[in-house]
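Beneath this line is the structure, given in structure tokens, with notes to follow.
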Amino acid sequence: MTDIRELTIGVLGGTGPQGKGLALRWAQAGLNVVIGSRDEARAEGTAAELREAAGVQNVVGRANADCASRADVVLVAVPWEGHAKTVEPLRAALAGKIVIDCVNPLGFDSKGPYPLAVEEGSAAQQAEALLPDSRVTAAFHHVSAVLLGDPEVAEVDTDVLVLGDDREATDLVRALADVIPGMRGIYGARRESISTASSWKGAKPEVP
């Protein structure tokens, strides 16, 4: 398997709490990270915050298309309402690349969050339909953005369920989980079970 430290990790939605938190942890682990956003200035602003927080220089901010082009592996951590319109225009840039979808399709009312029905089955399955030439996996749905972004938390003690049909891809994603202190990447199931990722029993969904 490719050494993950030789790869550049792109984070679409890297200005939000989930993407920003994972970007911080990967940067601290020595990985090269590109923060992606619709607004390049906002992406670079977040990257500057992470460079200071992590005490490293291996984080940059770019517009989404540039982020997707530069990265070897791309995490999708955008709000559900922007999922399709963020992913679809990047089909060519993401062709042949491993895409990690961590989006939870959730709605909110006075009682709190509730799951939304997705025609394709899940956010990751929607990404598969929109990115037929990419190697889509599902992971990091339930990891707490609060813990990821807290500099006082040295280890994020949690299991990360990784789903997908491409075992080389899921092994690499497990390695990306393992590189974060306290995390353990666990292969969960094949593609037909990918819709269970964000509703894994015992997991508390975290909104990106």
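Where a number appears in this text, it was derived from the coordinates with a stated rule and is not lab data. Predicted model, so just to flag it, every value in this text is computed and none were measured. With ideal geometry, Cβ positions are generated from the backbone for all residues, glycine too; neighbour counts draw on all protein chains shown.
Packing here is the average count of other Cβ atoms within 10 Å per residue, and on that basis the peptides 58-71, 98-111, highest first, run 58-71, 98-111. Electrostatic bookkeeping for Ile98 treats Lys and Arg as +1 and Asp and Glu as -1; over the other residues with beta carbon under 13 Å from its beta carbon, the sum is -4. The lysine pair count for the chain, using Cα distances under 21 Å and pairs eight or more places apart or on different chains, is 6. Taking Ala123, Ala54, Ala41 as the candidate residues, the one with maximal mean-square fluctuation in a Gaussian network model of the chain, Cα springs under 10 Å, is Ala41. Taking N as the residue count of the chain, its C-alpha radius of gyration divided by 2.2 N^0.38 Å amounts to 0.92. Taking a ≥ b ≥ c as the square roots of the eigenvalues of the Cα gyration tensor, region 1-70 is oblate, since a/c reaches 1.5 or more and a/b is not larger than b/c.
Global size of region 89-179: 14.9, 42 Å for Rg and Dmax (C-alpha atoms, Rg to one decimal, Dmax whole). Take the Cα radius of gyration of region 69-124 and divide it by 2.2 N^0.38 Å, N being the number of residues; the result is 1.29. Relative contact order, whole percent, for the chain stands at 20, derived from Cα pairs under 8 Å and 6 or more residues apart.
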